[in-house]
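No lab work stands behind these numbers, since they all come straight from the coordinates. Only a predicted model underlies this, so the values are computations on that prediction, with no experimental measurement involved. Cβ placement follows ideal geometry from the backbone for every residue including glycine, while neighbour counts extend to all protein chains displayed.
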Amino acid sequence: MKKISIYMMLLGLLVVAMPQMTSAQFDSSIKMCKTHMPEEYVSDGQYYTVLLNKEDIAEFYVTFYGGTVYRLVGYCGTEAGNLVFSVYDQERNLLFTNRDFENTPYWDFKFENTMDCIIEAEIDSKDVTSGISVMLIGFKQ
């Protein structure tokens, strides 16, 4: 009976602590993303977030409008380089991956025509096996 009580107490603490730990990681990732979103960029108003494990790949579907300059920023945790993000067109042709640029946390780009794109995000770190991935998209005023 004593073992079950201790187990239930530990489980209860985990249930109480998990939202705070998750919220803290989310807040840290948001803060890091915002450091790379200068004032001349306006957020599209969304946080593209997902809890990733090392083997997971998240997909986000986004429309980018022709003639607009965008900035895409992504973090998993507080260290730059933990998150790989790739942008594909609708036929899955790779348009950009930050993997080719040492996993830089942001990318500025402009499309000549409006395009529907797929953004994939995955963890790429020896030190991070899971975490909350956060991406922000901003457009230049």
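For the range 28-133, what's the relative contact order in percent, using C-alpha pairs closer than 8 Å and at least 6 residues apart? Please list the in-between numbers first.
Details: 214 pairs, mean separation 42.0, N = 106.
The value is 40 percent.
Could you compute the FRET efficiency for L94 and E39, with r as their C-beta to C-beta distance and R0 at 22 Å, rounded to 0.05?
Details: r = 31 Å, r/R0 = 1.40.
That pair, L94 with E39, gives E of 0.10.
Checking the cross-link filter: which aspartates and glutamates have an alpha carbon closer than 18 Å to that of K126, excluding same-chain neighbours under 8 positions apart?
E55, D56, E79, D100, E102
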